[in-house]
Amino acid sequence: MSDENSDPADERSGHSNRGFEGIDLDDVVLDDSDDESNQGLFDDLLSGEPIFENKEVLRPSYTPHELPHRKEQINRMATILVAALRGETPSNILIYGKTGTGKTASAKFVSQELERTSLKYEVPCEVEYINCEITDTQYRVLAQLANKFIENNLADIESQIEELNDICDGVTAESEQLANTDFSSVQEIDDRIEELEADSEEIEPVPMTGWPTDRVYNTFFEAVDYQERVVVIMLDEIDKLVEKSGDDTLYNLSRMNSELDNSRVSIMGISNDLKFTDFLDPRVKSSLGEEEIVFPPYDANQLRDILQHRAEVAFKEDALSDDVIPLCAAFAAQEHGDARRALDLLRTAGELAERDQAERVEEGHVRKAQDKIELDRVVEVVRTLPTQSKLVLFSTISLEKNGVHNINTGEVYNVYKHLCEEIDADILTQRRVTDLISELDMLGIVNAVVVSKGRYGRTKEISLSVPIEETEAVLQSDSRLGDIDDIQPFMQQARFDS
(Lines give C-alpha, C1' and ligand atoms only; values in the text may rest on other atoms or scores of the structure.)
Protein backbone atom coordinates (compact mmCIF):
# COMPACT_ATOMS: atom_id res chain seq x y z
CA MET A 1 0.00 0.00 0.00
CA SER A 2 1.27 3.40 -0.80
CA ASP A 3 1.80 6.02 1.84
CA GLU A 4 -1.20 8.36 2.12
CA ASN A 5 1.10 11.35 1.76
CA SER A 6 2.72 10.10 -1.40
CA ASP A 7 2.20 11.98 -4.63
CA PRO A 8 0.28 10.00 -7.26
CA ALA A 9 2.65 11.39 -9.84
CA ASP A 10 5.54 9.90 -7.88
CA GLU A 11 3.84 6.53 -7.83
CA ARG A 12 3.24 6.63 -11.58
CA SER A 13 6.87 7.42 -12.19
CA GLY A 14 8.04 4.68 -9.85
CA HIS A 15 9.39 7.12 -7.28
CA SER A 16 8.17 7.45 -3.74
CA ASN A 17 8.37 10.69 -1.83
CA ARG A 18 12.19 10.77 -1.78
CA GLY A 19 12.86 14.29 -3.02
CA PHE A 20 15.85 14.09 -5.43
CA GLU A 21 17.28 10.89 -3.94
CA GLY A 22 18.28 8.35 -6.55
CA ILE A 23 17.76 10.74 -9.45
CA ASP A 24 20.70 11.59 -11.73
CA LEU A 25 20.29 15.30 -12.31
CA ASP A 26 22.55 15.20 -15.37
CA ASP A 27 20.14 12.75 -16.98
CA VAL A 28 17.19 15.00 -16.20
CA VAL A 29 18.87 18.04 -17.71
CA LEU A 30 20.47 16.42 -20.74
CA ASP A 31 18.04 13.64 -21.61
CA ASP A 32 16.45 15.01 -24.76
CA SER A 33 15.64 12.80 -27.70
CA ASP A 34 15.48 15.81 -30.04
CA ASP A 35 19.16 16.51 -30.88
CA GLU A 36 18.25 19.47 -33.08
CA SER A 37 16.82 21.38 -30.14
CA ASN A 38 20.27 21.18 -28.48
CA GLN A 39 22.02 22.90 -31.40
CA GLY A 40 23.92 25.94 -30.16
CA LEU A 41 24.39 29.24 -31.92
CA PHE A 42 27.60 28.16 -33.70
CA ASP A 43 26.81 24.47 -34.30
CA ASP A 44 25.21 25.04 -37.69
CA LEU A 45 28.08 27.23 -38.77
CA LEU A 46 30.60 24.57 -37.78
CA SER A 47 28.70 21.67 -39.34
CA GLY A 48 29.89 22.38 -42.89
CA GLU A 49 33.30 21.34 -44.20
CA PRO A 50 35.86 24.17 -43.98
CA ILE A 51 37.10 25.55 -47.28
CA PHE A 52 40.21 27.32 -45.96
CA GLU A 53 43.42 25.58 -45.00
CA ASN A 54 45.20 28.77 -43.88
CA LYS A 55 43.27 32.01 -44.42
CA GLU A 56 46.08 34.19 -43.06
CA VAL A 57 48.11 33.88 -46.28
CA LEU A 58 45.42 35.97 -48.03
CA ARG A 59 45.79 38.91 -45.65
CA PRO A 60 47.95 41.99 -46.44
CA SER A 61 50.00 41.47 -43.25
CA TYR A 62 51.32 38.10 -44.48
CA THR A 63 54.83 38.07 -45.96
CA PRO A 64 55.13 35.14 -48.40
CA HIS A 65 58.30 33.10 -48.91
CA GLU A 66 58.15 33.85 -52.62
CA LEU A 67 56.89 36.92 -54.47
CA PRO A 68 56.02 36.24 -58.12
CA HIS A 69 56.88 38.96 -60.66
CA ARG A 70 58.94 41.00 -58.22
CA LYS A 71 62.33 39.29 -58.66
CA GLU A 72 63.89 42.30 -60.38
CA GLN A 73 62.89 44.73 -57.60
CA ILE A 74 63.89 42.28 -54.85
CA ASN A 75 67.32 41.69 -56.40
CA ARG A 76 67.83 45.43 -56.73
CA MET A 77 67.09 45.94 -53.02
CA ALA A 78 69.39 43.06 -52.11
CA THR A 79 72.32 44.46 -54.11
CA ILE A 80 71.96 47.76 -52.23
CA LEU A 81 71.50 46.28 -48.74
CA VAL A 82 74.26 43.67 -49.02
CA ALA A 83 76.64 46.45 -47.92
CA ALA A 84 75.19 46.02 -44.41
CA LEU A 85 76.55 42.46 -44.28
CA ARG A 86 80.02 43.86 -44.97
CA GLY A 87 79.66 46.28 -42.06
CA GLU A 88 79.23 49.22 -44.44
CA THR A 89 76.41 51.77 -44.63
CA PRO A 90 73.88 50.88 -47.39
CA SER A 91 72.57 53.69 -49.58
CA ASN A 92 69.18 55.09 -48.65
CA ILE A 93 66.36 53.69 -50.79
CA LEU A 94 63.05 55.17 -51.92
CA ILE A 95 60.45 52.68 -53.16
CA TYR A 96 57.51 53.95 -55.21
CA GLY A 97 54.37 52.30 -56.54
CA LYS A 98 50.58 52.29 -56.35
CA THR A 99 48.71 50.48 -53.58
CA GLY A 100 48.88 46.71 -53.91
CA THR A 101 51.97 46.52 -56.12
CA GLY A 102 53.99 44.48 -53.62
CA LYS A 103 56.21 47.26 -52.22
CA THR A 104 55.84 46.49 -48.51
CA ALA A 105 55.75 42.71 -48.94
CA SER A 106 58.95 42.80 -51.03
CA ALA A 107 60.72 45.14 -48.61
CA LYS A 108 59.77 42.99 -45.62
CA PHE A 109 60.87 39.83 -47.45
CA VAL A 110 64.30 41.33 -48.24
CA SER A 111 64.59 42.62 -44.65
CA GLN A 112 63.87 39.19 -43.18
CA GLU A 113 66.50 37.66 -45.47
CA LEU A 114 68.98 40.36 -44.45
CA GLU A 115 68.49 39.70 -40.74
CA ARG A 116 68.62 35.92 -41.26
CA THR A 117 71.88 36.18 -43.22
CA SER A 118 73.37 38.58 -40.67
CA LEU A 119 72.87 35.94 -37.96
CA LYS A 120 74.46 33.31 -40.19
CA TYR A 121 77.61 35.40 -40.69
CA GLU A 122 77.49 36.96 -37.19
CA VAL A 123 77.29 40.49 -38.55
CA PRO A 124 75.22 42.79 -36.29
CA CYS A 125 72.37 44.08 -38.46
CA GLU A 126 68.84 45.15 -37.51
CA VAL A 127 65.78 46.25 -39.49
CA GLU A 128 63.07 48.30 -37.79
CA TYR A 129 59.67 48.83 -39.44
CA ILE A 130 57.47 51.90 -38.88
CA ASN A 131 54.05 52.42 -40.49
CA CYS A 132 53.88 56.22 -40.88
CA GLU A 133 50.14 56.15 -41.55
CA ILE A 134 49.76 55.21 -37.87
CA THR A 135 52.95 56.68 -36.42
CA ASP A 136 52.73 60.02 -38.21
CA THR A 137 54.60 62.62 -36.11
CA GLN A 138 58.30 63.17 -35.48
CA TYR A 139 57.84 62.54 -31.75
CA ARG A 140 56.03 59.23 -32.27
CA VAL A 141 58.48 57.96 -34.90
CA LEU A 142 61.54 58.77 -32.78
CA ALA A 143 59.88 57.45 -29.59
CA GLN A 144 58.88 54.16 -31.22
CA LEU A 145 62.34 53.67 -32.72
CA ALA A 146 64.07 54.62 -29.47
CA ASN A 147 61.99 52.15 -27.46
CA LYS A 148 62.66 49.33 -29.93
CA PHE A 149 66.41 49.82 -29.64
CA ILE A 150 66.17 50.26 -25.87
CA GLU A 151 64.31 46.93 -25.66
CA ASN A 152 66.99 45.26 -27.80
CA ASN A 153 69.80 46.82 -25.75
CA LEU A 154 68.28 45.67 -22.44
CA ALA A 155 67.87 42.13 -23.79
CA ASP A 156 71.50 42.16 -24.96
CA ILE A 157 72.71 43.46 -21.59
CA GLU A 158 70.79 40.73 -19.76
CA SER A 159 72.27 38.10 -22.08
CA GLN A 160 75.81 39.40 -21.51
CA ILE A 161 75.37 39.39 -17.73
CA GLU A 162 74.11 35.80 -17.77
CA GLU A 163 77.06 34.75 -19.92
CA LEU A 164 79.57 36.47 -17.61
CA ASN A 165 77.96 34.92 -14.53
CA ASP A 166 78.27 31.50 -16.15
CA ILE A 167 81.98 32.12 -16.72
CA CYS A 168 82.43 33.15 -13.09
CA ASP A 169 80.57 30.08 -11.85
CA GLY A 170 82.83 27.82 -13.94
CA VAL A 171 86.14 29.32 -12.93
CA THR A 172 88.18 26.88 -10.83
CA ALA A 173 91.66 27.62 -12.07
CA GLU A 174 91.61 31.19 -13.34
CA SER A 175 94.50 30.94 -15.74
CA GLU A 176 92.94 27.99 -17.59
CA GLN A 177 89.24 28.97 -17.53
CA LEU A 178 89.81 32.59 -18.61
CA ALA A 179 92.23 31.77 -21.41
CA ASN A 180 89.51 31.89 -24.07
CA THR A 181 87.92 35.11 -22.84
CA ASP A 182 88.74 38.81 -22.99
CA PHE A 183 89.28 38.87 -19.23
CA SER A 184 92.43 38.16 -17.23
CA SER A 185 90.75 37.85 -13.83
CA VAL A 186 87.42 37.25 -12.11
CA GLN A 187 87.61 40.82 -10.80
CA GLU A 188 87.57 42.15 -14.37
CA ILE A 189 84.42 40.11 -15.05
CA ASP A 190 82.77 41.47 -11.90
CA ASP A 191 83.67 44.99 -12.95
CA ARG A 192 82.11 44.42 -16.37
CA ILE A 193 78.94 43.02 -14.80
CA GLU A 194 78.67 46.12 -12.60
CA GLU A 195 79.16 48.33 -15.65
CA LEU A 196 76.40 46.53 -17.55
CA GLU A 197 74.03 46.69 -14.59
CA ALA A 198 74.66 50.43 -14.29
CA ASP A 199 73.91 50.84 -18.00
CA SER A 200 70.65 48.93 -17.56
CA GLU A 201 69.56 51.12 -14.65
CA GLU A 202 70.29 54.32 -16.57
CA ILE A 203 68.26 53.33 -19.64
CA GLU A 204 64.83 54.98 -19.56
CA PRO A 205 62.10 54.21 -22.13
CA VAL A 206 60.53 57.16 -23.94
CA PRO A 207 56.90 57.92 -23.01
CA MET A 208 54.55 58.36 -25.96
CA THR A 209 53.98 62.01 -24.95
CA GLY A 210 55.49 64.59 -22.66
CA TRP A 211 59.19 64.87 -23.50
CA PRO A 212 60.78 67.67 -25.54
CA THR A 213 61.54 66.42 -29.06
CA ASP A 214 65.27 67.10 -28.59
CA ARG A 215 65.35 64.77 -25.58
CA VAL A 216 63.53 62.04 -27.54
CA TYR A 217 66.00 62.39 -30.41
CA ASN A 218 69.02 62.22 -28.06
CA THR A 219 67.61 59.13 -26.34
CA PHE A 220 67.05 57.48 -29.72
CA PHE A 221 70.56 58.48 -30.84
CA GLU A 222 72.16 56.98 -27.72
CA ALA A 223 70.07 53.80 -27.99
CA VAL A 224 71.11 53.24 -31.61
CA ASP A 225 74.78 53.97 -30.92
CA TYR A 226 74.96 51.83 -27.77
CA GLN A 227 76.64 49.03 -29.69
CA GLU A 228 78.17 48.38 -33.10
CA ARG A 229 75.61 47.47 -35.76
CA VAL A 230 74.11 48.47 -39.10
CA VAL A 231 70.49 49.61 -38.83
CA VAL A 232 67.93 49.80 -41.64
CA ILE A 233 64.89 51.93 -40.75
CA MET A 234 61.92 51.07 -42.97
CA LEU A 235 59.38 53.92 -43.15
CA ASP A 236 56.21 52.65 -44.83
CA GLU A 237 53.79 55.31 -46.14
CA ILE A 238 56.61 57.84 -45.71
CA ASP A 239 54.61 60.47 -47.62
CA LYS A 240 52.02 60.50 -44.78
CA LEU A 241 54.75 61.48 -42.32
CA VAL A 242 55.98 64.30 -44.56
CA GLU A 243 52.40 65.45 -45.22
CA LYS A 244 51.58 65.75 -41.52
CA SER A 245 54.89 66.62 -39.90
CA GLY A 246 57.13 68.04 -42.62
CA ASP A 247 60.61 66.72 -43.35
CA ASP A 248 62.29 67.37 -39.95
CA THR A 249 62.27 63.66 -39.07
CA LEU A 250 63.86 62.68 -42.36
CA TYR A 251 66.41 65.47 -42.02
CA ASN A 252 67.44 64.26 -38.55
CA LEU A 253 67.61 60.62 -39.61
CA SER A 254 69.52 61.35 -42.82
CA ARG A 255 72.29 63.26 -41.02
CA MET A 256 72.75 60.77 -38.14
CA ASN A 257 75.67 58.87 -39.65
CA SER A 258 78.00 61.86 -39.42
CA GLU A 259 77.53 61.85 -35.62
CA LEU A 260 77.35 58.12 -34.81
CA ASP A 261 80.47 56.36 -33.44
CA ASN A 262 79.43 52.69 -33.37
CA SER A 263 76.38 52.28 -35.62
CA ARG A 264 75.42 53.09 -39.18
CA VAL A 265 71.85 53.95 -40.24
CA SER A 266 70.18 53.49 -43.62
CA ILE A 267 66.65 54.63 -44.48
CA MET A 268 64.23 52.72 -46.69
CA GLY A 269 61.17 54.83 -47.56
CA ILE A 270 58.04 53.36 -49.14
CA SER A 271 55.47 55.63 -50.80
CA ASN A 272 52.36 55.49 -53.00
CA ASP A 273 53.06 59.06 -54.13
CA LEU A 274 55.79 59.49 -56.72
CA LYS A 275 55.83 63.25 -56.25
CA PHE A 276 56.09 63.54 -52.47
CA THR A 277 59.83 64.36 -52.67
CA ASP A 278 58.91 67.60 -54.46
CA PHE A 279 58.02 69.02 -51.03
CA LEU A 280 61.27 67.99 -49.34
CA ASP A 281 64.22 70.19 -48.48
CA PRO A 282 66.79 69.74 -51.30
CA ARG A 283 69.37 68.37 -48.81
CA VAL A 284 66.93 65.76 -47.53
CA LYS A 285 65.78 64.89 -51.04
CA SER A 286 69.31 64.33 -52.30
CA SER A 287 70.27 62.20 -49.27
CA LEU A 288 67.04 60.20 -49.09
CA GLY A 289 66.74 59.38 -52.79
CA GLU A 290 70.21 57.91 -53.30
CA GLU A 291 68.55 54.83 -54.84
CA GLU A 292 65.01 54.71 -56.26
CA ILE A 293 63.02 51.59 -57.12
CA VAL A 294 59.65 51.74 -58.90
CA PHE A 295 57.05 48.97 -58.58
CA PRO A 296 54.75 48.91 -61.64
CA PRO A 297 51.11 47.71 -61.33
CA TYR A 298 50.40 44.02 -61.93
CA ASP A 299 48.50 42.96 -65.05
CA ALA A 300 45.71 40.35 -64.97
CA ASN A 301 48.04 37.44 -65.79
CA GLN A 302 50.48 38.39 -63.05
CA LEU A 303 47.64 38.74 -60.55
CA ARG A 304 46.44 35.29 -61.56
CA ASP A 305 49.89 33.84 -60.78
CA ILE A 306 49.96 35.59 -57.39
CA LEU A 307 46.48 34.32 -56.46
CA GLN A 308 47.30 30.80 -57.63
CA HIS A 309 50.47 30.83 -55.54
CA ARG A 310 48.61 31.91 -52.39
CA ALA A 311 45.51 29.77 -53.04
CA GLU A 312 47.57 26.58 -52.99
CA VAL A 313 48.34 27.30 -49.32
CA ALA A 314 45.15 29.13 -48.33
CA PHE A 315 42.50 26.68 -49.53
CA LYS A 316 41.87 22.97 -49.24
CA GLU A 317 42.37 20.91 -52.38
CA ASP A 318 39.67 21.38 -55.06
CA ALA A 319 37.99 24.15 -53.01
CA LEU A 320 38.02 26.61 -55.94
CA SER A 321 36.18 26.28 -59.24
CA ASP A 322 38.27 26.97 -62.34
CA ASP A 323 36.88 30.44 -63.01
CA VAL A 324 37.36 31.90 -59.49
CA ILE A 325 41.01 32.97 -59.72
CA PRO A 326 40.76 34.41 -63.28
CA LEU A 327 37.68 36.43 -62.26
CA CYS A 328 39.35 37.78 -59.09
CA ALA A 329 42.40 38.73 -61.18
CA ALA A 330 40.25 40.44 -63.81
CA PHE A 331 38.34 42.50 -61.22
CA ALA A 332 41.58 43.57 -59.48
CA ALA A 333 43.30 44.41 -62.78
CA GLN A 334 40.53 46.97 -63.34
CA GLU A 335 41.55 48.50 -59.99
CA HIS A 336 45.01 49.55 -61.27
CA GLY A 337 46.59 46.09 -60.81
CA ASP A 338 46.06 45.98 -57.04
CA ALA A 339 47.19 42.61 -55.66
CA ARG A 340 45.85 43.52 -52.21
CA ARG A 341 42.40 43.99 -53.72
CA ALA A 342 42.70 40.65 -55.53
CA LEU A 343 43.63 38.84 -52.30
CA ASP A 344 40.79 40.53 -50.38
CA LEU A 345 38.39 39.49 -53.11
CA LEU A 346 39.51 35.86 -53.04
CA ARG A 347 39.40 35.71 -49.23
CA THR A 348 35.95 37.33 -49.05
CA ALA A 349 34.62 34.96 -51.74
CA GLY A 350 35.87 32.03 -49.65
CA GLU A 351 34.22 33.42 -46.51
CA LEU A 352 30.91 33.85 -48.34
CA ALA A 353 31.12 30.28 -49.63
CA GLU A 354 31.74 28.98 -46.10
CA ARG A 355 28.73 30.93 -44.80
CA ASP A 356 26.63 29.34 -47.54
CA GLN A 357 28.08 25.97 -46.46
CA ALA A 358 29.06 25.44 -50.08
CA GLU A 359 31.58 22.74 -50.93
CA ARG A 360 33.48 25.00 -53.35
CA VAL A 361 34.00 28.67 -54.09
CA GLU A 362 32.14 29.50 -57.31
CA GLU A 363 31.96 32.47 -59.68
CA GLY A 364 28.81 33.71 -57.93
CA HIS A 365 30.70 34.01 -54.63
CA VAL A 366 33.33 36.18 -56.33
CA ARG A 367 30.67 38.51 -57.75
CA LYS A 368 28.99 38.77 -54.33
CA ALA A 369 32.39 39.47 -52.77
CA GLN A 370 33.02 42.24 -55.31
CA ASP A 371 29.71 43.87 -54.39
CA LYS A 372 30.39 43.45 -50.67
CA ILE A 373 33.88 44.96 -50.81
CA GLU A 374 32.63 47.89 -52.87
CA LEU A 375 29.75 48.45 -50.44
CA ASP A 376 32.12 48.21 -47.46
CA ARG A 377 34.33 50.85 -49.07
CA VAL A 378 31.34 53.13 -49.65
CA VAL A 379 30.10 52.63 -46.09
CA GLU A 380 33.51 53.51 -44.63
CA VAL A 381 33.91 56.60 -46.85
CA VAL A 382 30.39 57.86 -46.10
CA ARG A 383 30.71 57.13 -42.38
CA THR A 384 33.86 59.27 -42.09
CA LEU A 385 32.57 62.26 -44.10
CA PRO A 386 32.35 65.65 -42.31
CA THR A 387 28.84 66.65 -41.22
CA GLN A 388 28.45 69.27 -43.97
CA SER A 389 29.33 66.73 -46.68
CA LYS A 390 26.86 64.28 -45.13
CA LEU A 391 24.14 66.93 -45.32
CA VAL A 392 24.86 67.56 -49.00
CA LEU A 393 24.81 63.82 -49.73
CA PHE A 394 21.62 63.34 -47.69
CA SER A 395 19.99 66.15 -49.70
CA THR A 396 20.89 64.41 -52.96
CA ILE A 397 19.55 61.06 -51.73
CA SER A 398 16.30 62.69 -50.56
CA LEU A 399 15.73 64.29 -53.98
CA GLU A 400 16.41 61.06 -55.84
CA LYS A 401 14.13 59.06 -53.53
CA ASN A 402 11.37 61.56 -54.28
CA GLY A 403 11.61 60.95 -58.01
CA VAL A 404 13.70 63.99 -58.94
CA HIS A 405 15.87 63.21 -61.96
CA ASN A 406 18.74 65.27 -63.39
CA ILE A 407 19.24 66.83 -59.96
CA ASN A 408 20.95 70.22 -60.17
CA THR A 409 23.06 72.15 -57.68
CA GLY A 410 20.23 74.59 -56.83
CA GLU A 411 17.87 71.77 -55.85
CA VAL A 412 20.51 70.18 -53.64
CA TYR A 413 21.26 73.53 -52.02
CA ASN A 414 17.60 74.25 -51.24
CA VAL A 415 17.14 70.89 -49.53
CA TYR A 416 20.50 71.30 -47.80
CA LYS A 417 19.43 74.64 -46.27
CA HIS A 418 16.27 73.09 -44.81
CA LEU A 419 18.28 70.20 -43.37
CA CYS A 420 20.73 72.63 -41.75
CA GLU A 421 17.83 74.49 -40.14
CA GLU A 422 16.34 71.20 -38.98
CA ILE A 423 19.48 70.14 -37.08
CA ASP A 424 20.69 73.67 -36.24
CA ALA A 425 23.85 73.46 -38.37
CA ASP A 426 25.66 76.36 -40.04
CA ILE A 427 24.48 77.04 -43.61
CA LEU A 428 27.34 77.28 -46.10
CA THR A 429 27.22 79.34 -49.26
CA GLN A 430 26.03 77.73 -52.49
CA ARG A 431 29.54 78.01 -53.90
CA ARG A 432 30.96 76.05 -50.97
CA VAL A 433 28.24 73.40 -51.35
CA THR A 434 29.20 73.13 -55.03
CA ASP A 435 32.78 72.44 -53.89
CA LEU A 436 31.53 69.72 -51.52
CA ILE A 437 29.63 68.12 -54.42
CA SER A 438 32.89 68.10 -56.41
CA GLU A 439 34.63 66.38 -53.48
CA LEU A 440 31.89 63.72 -53.32
CA ASP A 441 32.35 63.27 -57.07
CA MET A 442 36.10 62.71 -56.59
CA LEU A 443 35.35 60.07 -53.92
CA GLY A 444 33.09 58.26 -56.39
CA ILE A 445 29.95 58.74 -54.25
CA VAL A 446 28.12 60.95 -56.74
CA ASN A 447 28.53 61.66 -60.42
CA ALA A 448 28.46 65.42 -61.12
CA VAL A 449 28.49 66.66 -64.72
CA VAL A 450 28.59 70.34 -65.67
CA VAL A 451 25.81 71.19 -68.16
CA SER A 452 25.00 74.45 -69.93
CA LYS A 453 21.62 76.09 -69.42
CA GLY A 454 22.16 78.60 -72.20
CA ARG A 455 21.50 82.15 -71.07
CA TYR A 456 20.75 80.82 -67.57
CA GLY A 457 24.41 79.86 -67.14
CA ARG A 458 25.81 76.49 -66.16
CA THR A 459 24.97 74.04 -63.40
CA LYS A 460 25.93 70.56 -62.28
CA GLU A 461 23.64 67.61 -62.86
CA ILE A 462 24.11 65.17 -60.03
CA SER A 463 23.32 61.48 -59.74
CA LEU A 464 24.24 58.93 -57.09
CA SER A 465 26.98 56.38 -57.77
CA VAL A 466 26.25 54.34 -54.62
CA PRO A 467 23.32 52.20 -53.37
CA ILE A 468 20.64 54.52 -51.99
CA GLU A 469 19.24 52.46 -49.10
CA GLU A 470 22.59 51.40 -47.65
CA THR A 471 24.07 54.90 -47.96
CA GLU A 472 21.01 56.49 -46.35
CA ALA A 473 21.26 54.00 -43.46
CA VAL A 474 24.90 54.97 -42.87
CA LEU A 475 23.99 58.68 -42.89
CA GLN A 476 21.13 58.16 -40.45
CA SER A 477 23.47 56.33 -38.08
CA ASP A 478 24.99 59.78 -37.47
CA SER A 479 23.24 61.04 -34.33
CA ARG A 480 22.58 64.52 -35.79
CA LEU A 481 21.10 63.29 -39.07
CA GLY A 482 19.19 60.58 -37.26
CA ASP A 483 17.14 63.28 -35.54
CA ILE A 484 15.54 64.37 -38.85
CA ASP A 485 11.98 63.04 -38.67
CA ASP A 486 10.32 63.85 -41.97
CA ILE A 487 11.84 65.55 -44.98
CA GLN A 488 8.64 65.54 -47.05
CA PRO A 489 7.11 68.87 -45.86
CA PHE A 490 9.86 70.97 -47.45
CA MET A 491 10.81 68.68 -50.35
CA GLN A 492 8.27 70.16 -52.75
CA GLN A 493 9.10 73.67 -51.59
CA ALA A 494 12.81 73.04 -52.27
CA ARG A 495 11.94 71.85 -55.77
CA PHE A 496 9.70 74.91 -56.33
CA ASP A 497 12.38 77.34 -55.05
CA SER A 498 14.88 76.16 -57.64
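The values are calculated or read from the model by the stated rules, or taken from the named source; none is laboratory data. All values derive from a computational prediction rather than experimental measurement. Every residue, glycine among them, receives a Cβ derived from its backbone with ideal geometry; neighbour counts consider all protein chains shown. The area values use the complete protein model at the heavy-atom level, side chains included, leaving out ligands, DNA and RNA. Shrake-Rupley method; radii C 1.70, N 1.55, O 1.52, S 1.80 Å.
Between D322 and S159, the distance separating the two model label sites (each 7 Å from Cα on the Cα→Cβ line) works out to 5.4 nm. Indicate the gyration tensor shape class of the stretch 233-382 (rounded, prolate or oblate), computed on the Cα atoms with a ≥ b ≥ c the square roots of the eigenvalues: a/c under 1.5 is rounded; otherwise a/b larger than b/c is prolate and the rest oblate. Prolate, because a/c is 1.5 or more and a/b exceeds b/c.
For the peptides 417-430, 392-405, the ranking by mean Cβ contacts within 10 Å, running from highest to lowest, is 392-405, 417-430. Nonpolar atom fraction for the stretch 135-280, defined as the carbon and sulfur part of the 1.4 Å probe accessible area, stands at 41 percent.
Does the stretch 89-150 come out rounded, prolate or oblate, given a ≥ b ≥ c as the square roots of the eigenvalues of its C-alpha gyration tensor, rounded meaning a/c under 1.5 and, failing that, prolate meaning a/b above b/c? It comes out oblate by the Cα gyration axes. Straight Cα distances below 26 angstrom link K390 to the lysines K240, K244, K372, K401, K417, K460, with same-chain residues fewer than 8 positions distant left out. Cross-linked pairs K148/K275; K71/K285; K55/K316; K108/K285: Cα-Cα separations exceed 20 Å for K148/K275; K71/K285; K108/K285.
Fully extending the segment from Q430 to E195 would add 77.5 nm, taking 0.36 nm per residue of separation and subtracting the current Cα-Cα distance.
How high is the FRET efficiency from E228 to T181, r the C-beta distance, R0 22 Å, rounded to 0.05? The computed FRET efficiency comes out at 0.70.
Relative contact order, whole percent, for the stretch 66-120 stands at 41, derived from Cα pairs under 8 Å and 6 or more residues apart. With the simple model of a label 7 Å out from the Cα in the direction of the Cβ, K71 to S477 spans 4.6 nm. Measuring nothing but protein heavy atoms, the accessible surface of the stretch 363-486 at 1.4 Å probe radius is 46 percent carbon and sulfur. Of the GluC sites (Glu not before Pro) found in the stretch 238-326, those that fall in a DSSP loop while having at most 16 other beta-carbon atoms within 10 Å are E259, E290, E317. With a ≥ b ≥ c taken as the square roots of the eigenvalues of the C-alpha gyration tensor of the stretch 192-287, please select rounded if a/c is under 1.5 and otherwise prolate if a/b is larger than b/c or oblate if it is not? Since a/c reaches 1.5 and a/b is larger than b/c, the shape of the stretch 192-287 is classed as prolate.
Calculated FRET efficiency, R355 and V449, Cβ-Cβ r, R0 56 Å, to nearest 0.05? In this case the efficiency is close to 0.90. Per residue, the solvent-accessible area of the stretch 271-391 (1.4 Å probe, heavy atoms of protein chains only, all protein chains present) comes to 51 Å². Checking every one of the GluC sites (Glu not before Pro) in the stretch 199-237 against DSSP loop status and a limit of 13 other Cβ atoms within 10 Å picks out E228. Full extension of the chain between N402 and E122 gives 93.5 nm of extra length, using 0.36 nm per residue less the Cα-Cα distance.
For the pair E374 and E259, label points projected 7 Å from Cα toward Cβ lie 5.3 nm apart. Taking 51 Å as R0, compute the FRET efficiency from the Cβ-Cβ separation of T89 and Q334 and round it to 0.05. According to the calculation, E is roughly 0.75.
Accessible surface of M208, taken over heavy atoms with a 1.4 Å probe and every protein chain present, rounds to 100 Å².
Taking amide H atoms as placed 1.01 Å from N in the peptide plane, the amide H of S263 lies under 5 Å from those of R229, each 5 or more residues away in sequence or on another chain.
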